[in-house]
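Note sheet for the following structure.
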Amino acid sequence: MQAYDDLGIPVNDLTVALRTDEQTMFCTWKKMDNPNFHIWYSAGGNFQSRTAVTASMMSIQGAEIPAEIVVPHVMREVTASDCNPDRVTPTVSGTSLVPDNVLALMYPNG
């Protein structure tokens, strides 16, 4: 968004697709309040990691795990509620697995 602003390019009829749920982008989108600017996103890193760890732990316990696990790719359209200004730091994704009390230690200055 900074590049658009720096170049003086208006954000009209813009749709972007992202592979993150970064709070800074979502809160910028909310502040812009532009009905012609749409964001679609998918943030699968966290649940994909959980699936991998669960499969590994099940395998250790003797469960038979298929060689391939297909995780559906889901795109969501950003809504105003996706911006959470109360996060410890706006650079952390909304689906971060790190609890806020640990984030506060990692980012003491917010």
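Table for the structure above
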| quantity | calculated |
| --- | --- |
| Estimated FRET transfer efficiency when R0 is 22 angstrom, pair residue 4-residue 74 (beta carbons, to 0.05) | 0.25 |
| Rel. contact order, % - alpha carbon contacts under 8 angstrom, at least six apart, the range 2-84 | 37 |
| Rg/Rh (Cα only; Kirkwood hydrodynamic radius) as it applies to the chain | 1.09 |
| Nearest-20 debye value, the chain charge dipole, Cβ charges on Lys, Arg, Asp, Glu | 180 |
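No lab work stands behind these numbers, since they all come straight from the coordinates. A quick note: this is a predicted structure, and the numbers were derived from the prediction, not measured. Methodologically, a virtual Cβ is constructed for each residue, glycine included, from the backbone with ideal geometry; neighbour enumeration extends over all protein chains shown.
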